[in-house]
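First up is the structure itself, then whatever we jot down about it.
The values are calculated or read from the model by the stated rules, or taken from the named source; none is laboratory data. Everything quoted here is computed from the prediction, not taken from an experiment. Glycine gets a Cβ as well: all are built from the backbone with ideal geometry, and neighbour counts include every protein chain shown. Only protein heavy atoms, including side chains, enter the accessible area calculation; ligands, DNA and RNA are left aside. Shrake-Rupley method; radii C 1.70, N 1.55, O 1.52, S 1.80 Å.
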Amino acid sequence: MHGRPLVLVDVDGVLNPLAARPGFRRYQCAIRDETYTVRLNEAHGTWLMELALSARAELVWATTWEEAANEWIAPRIGLPPLPVIPMAPDLPCELGEMFKTPHVAEYVAGRPFVWFDDQVFEEDEKYLGARRGIGPFLLINVDPRLGLTREHIECAREWLTLSGFSQGR
């Protein structure tokens, strides 16, 4: 084992889906000189905390919101402030991976992780798989129109359980 697993969470498209859906509440967030509208569901915080607790995992923001996620997102879905993966400066892409993927690779430092994002694809899996020092991982591509679902959480829980991290339900 390479250490305590990580659960990496994106905001837009994952916790803030593109489409309005039942159970989501609309908020206006002011970051620097910009105002953003987000739709958030409090259940997401509960689901993520349950997943992290059952797997003894650490929740981490993997979003361009960076620290603003702790100010605007976490308290509205019932999460404590979380560590943040820095997304700047831009790192070069090698295999067509998403711009966040090299930052994630640097941050995880060999720890196993699950990553919920709406922009992780085969190129990201190849990039991470080719990196030395990357522990076991599972990329969960979330449909940005729907956002995070219970099925995504259960997929992560099953992987963490089969990998020996989770205590089950």
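Things to note:
- Residue list for segment 13-46, restricted to those being crowded, with 19+ Cβ neighbours inside 10 Å and not hydrophobic (A, V, I, L, M, F, W, C): 13, 16, 17, 41, 44, 45
- Only one of 145, 131 that is of a type in the set (Lys, Arg), over 15 Å from the mean Cα position of the chain (by Cα), open to solvent by 60 Å² or more (accessible area, probe 1.4 Å) and modelled with pLDDT of 95 or more: 145
- Against the test of being of a type in the set (Phe, Trp, Tyr) and under 14 Å from residue 52 (Cα atoms), the options 116, 137 yield a single qualifying residue, 116.
- In segment 1-12, residue most open to solvent (accessible area, probe 1.4 Å) [restricted to those that are of a type in the set (A, V, I, L, M) and assigned to a loop (DSSP other than H, G, I, E, B)]: 1
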